[in-house]
Amino acid sequence: MTQERANKTGFETRAIHAGYEPDAMTGAVIPPIYASSTYKQDGVGGLRGGYEYSRSANPTRTALEGALAAVEDGVRGFAFASGLAAEDTIIRALTGTGGHVVIPDDAYGGTYRLFDKVAKVWGLDHSPAPVADTEAVAAAIEPGRTRLVWVETPTNPMLTIGDIEALATVAHDAGALLVVDNTFASPYLQQPLTLGADVVVHSTTKYVGGHSDVVGGAVIVRDLELAEKIAFHQNAMGAVAGPFDSFLVNRGLKTLHVRMDRHCDNAERVVAFLDADPRVTEVIYPGLTSHPGHEVAARQMKRFGGMVSFRVAGGVERALAVCERAEVFTLAESLGGIESLIEHPGRMTHASVAGTDLEVPDDLIRLSVGIESVEDLLADLDRALG
Ligand code: P1T
């Protein structure tokens, strides 16, 4: 299928066909792993297909980048060595010293660390604000100085929902850009660029890769001016996804929709189980009508995702014991893979935000609900809760 045609198809068709047409010479249906750092030139500057050196462009990465742009409805996608490498590139490409960014007061601990311990040293200030409260985000913006409004929705790990359309309006009114970390939703459930965001970032390590076998990141933008800036910095800074990793992430993306539907099915069953259990004091899931962001989530997401957070009676000791007793849920950081994971954010993924505005409750447990038999997941949680 031509790319022009692929880009006009449904989500599932784009996930499978966008970014690559069967190789002209061999007919290879899937993008080959081009393990070549450099490319023969037909005379000085005579590049074949624009390929010169694999930091600048590599055909396996190009295929992935085309697919990423297509599934997020952007003009161009970029693949990076990790989610944090993607974030760092956005920060450097779209802000400057003396600038300011509004960040979520609930976000992946590593994202906060990047702003607070790295970008700040180079002269970029930040103000944390609650993404669910558009007015509070607006109040944190410093017109003329704020370059980016950065949000996660749902957030990690509290699953707070921000109204992307409304946040885009307040960012744009102040001359800032809206960046949405779409890692938790995945492009199948939510497409922030279609709601007014300017930049989407992913840790493709998670749902896009989907198999816990690769670390990667992505940036997708809605206009060509932003694409130029990101492209320049991707090449100038060099934190690119290698061809083997690009292959794995692209392979994962092709089944995102089927995996994601099962993640959602299983998460809904897990939520119903936990919600009815007296050993659990609070279940946090945007699909619950009691969740404060439920209506916004229902408007901007196709379904509510595979991430579930909950709090237990008995405080931190009980929370740690539940994490340690689980067997089908593996005790590990990360999320979005086919296997179920359980973790204690306060001591694990969010240890770096202890003592800050982003600190998380110590009786909180985060689940990445996988696609195993749901009965096994429920029995495991029942046993782990003790
Ligand atoms: O780990 P890396 O691929 O560099 O991605 C960083 C990142 C960015 N954004 C969000 C929302 C994330 O959740 C992450 C990584 N998160 C974990 C490793 C975790 O267990 O929460």
Expected single match for open to solvent by 40 Å² or more (accessible area, probe 1.4 Å), in contact with a helix residue (DSSP H, G or I) (Cβ under 9 Å, 6 or more places away or on another chain) and on the phi > 0 side of the Ramachandran plot among 19, 49, 45 is 49
Heads up, the strands (runs of 3 or more DSSP E) in region 189-305 (entirely inside) with at least 2 residues that are in the same structural domain as residue 34 (by TED's automatic domain parsing) and not hydroxyl-bearing (Ser, Thr, Tyr) are 199-203, 217-221
Flagged pairs (Cβ under 6 angstrom, 6 or more apart or on separate chains; first in region 69-87, under 14 Å from residue 217 (Cα atoms); second near the ligand (Cβ under 8 Å from one of its atoms) and part of a helix (DSSP H, G or I)) are 80/86; 84/110
Exercise. Assess whether residue 342 counts as being assigned to a loop (DSSP other than H, G, I, E, B) and outside the structural domain of residue 72 (by TED's automatic domain parsing).
Key: no
Within region 59-75, of all residues that are farther than 23 Å from residue 38 by Cα and open to solvent by 30 Å² or more (accessible area, probe 1.4 Å), the one nearest to the ligand (Cβ to nearest atom) is 73
Boolean, residue 319 is more than 13 Å from the ligand (Cβ to nearest atom) and open to solvent by less than 10 Å² (accessible area, probe 1.4 Å):
yes
Looking at residue 268, is it among the acidic types (Asp, Glu) and over 30 Å from residue 197 (Cβ atoms)? no
Given (1) within 14 Å of the chain's Cα centre (by Cα); (2) away from the ligand (no atom under 16 Å from the Cβ); (3) not β-branched (Val, Ile, Thr), residue 168 misses just (1)
Checklist entry - Would you say residue 155 is part of a loop (DSSP other than H, G, I, E, B), within 11 Å of the ligand (Cβ to nearest atom) and touching a residue at least 60 places away in the same chain (Cβ under 8 Å)? => result no
Filtering region 92-118 down to residues that are within 16 Å of the ligand (Cβ to nearest atom) and open to solvent by 10 Å² or more (accessible area, probe 1.4 Å) yields 92, 105, 106, 108, 112, 113, 114, 116, 117, 118
Only one of 181, 163, 173 is more than 16 Å from the ligand (Cβ to nearest atom), in the same structural domain as residue 220 (by TED's automatic domain parsing) and under 28 Å from residue 346 (Cβ atoms), namely 163
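Yes/no per residue for (1) modelled with pLDDT of 95 or more; (2) more than 11 Å from the ligand (Cβ to nearest atom); (3) charged (D, E, K, R):
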{"site": "328", "(1), (2), (3)": "yes, yes, no"}
{"site": "334", "(1), (2), (3)": "yes, no, no"}
{"site": "347", "(1), (2), (3)": "yes, yes, yes"}
{"site": "364", "(1), (2), (3)": "yes, yes, no"}
{"site": "369", "(1), (2), (3)": "yes, yes, no"}
{"site": "380", "(1), (2), (3)": "yes, yes, yes"}
Residue set 194, 205, 183; condition more than 12 Å from the chain's Cα centre (by Cα), in contact (Cβ under 8 Å) with a residue 12 or more places away in the chain and within 18 Å of residue 67 (Cα to Cα); output residue 194
Of the residues in region 111-152, those that are in contact with a His (Cβ under 8 Å, 6 or more places away or on another chain) and either in a helix (DSSP H, G or I) or modelled with pLDDT under 95 (or both) come to 115, 116, 119, 120
Is it fair to say residue 347 is basic (Lys, Arg) and surrounded by 16 or more Cβ atoms within 10 Å (Cβ to Cβ)? no
From the option list 34, 39, single residue qualifying as at negative phi, open to solvent by 50 Å² or more (accessible area, probe 1.4 Å) and among the aromatic types (Phe, Trp, Tyr) is 34
Matching residues in region 234-263 (open to solvent by 40 Å² or more (accessible area, probe 1.4 Å) and touching a residue at least 40 places away in the same chain (Cβ under 8 Å)) number 9
Counting only helices (runs of 4 or more DSSP H) entirely within region 1-110, those with at least 1 residues that are at pLDDT below 95 are 3-6
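The values are calculated or read from the model by the stated rules, or taken from the named source; none is laboratory data. The structure presented is a predicted model; accordingly, all values stated were derived computationally and were not measured. No Cβ is skipped: glycine too gets one built from the backbone with ideal geometry, and neighbour counts run over all protein chains shown. The protein model used for the area step is the full one, side chains on, heavy atoms only, and it has no ligands, DNA or RNA in it. Shrake-Rupley method; radii C 1.70, N 1.55, O 1.52, S 1.80 Å.
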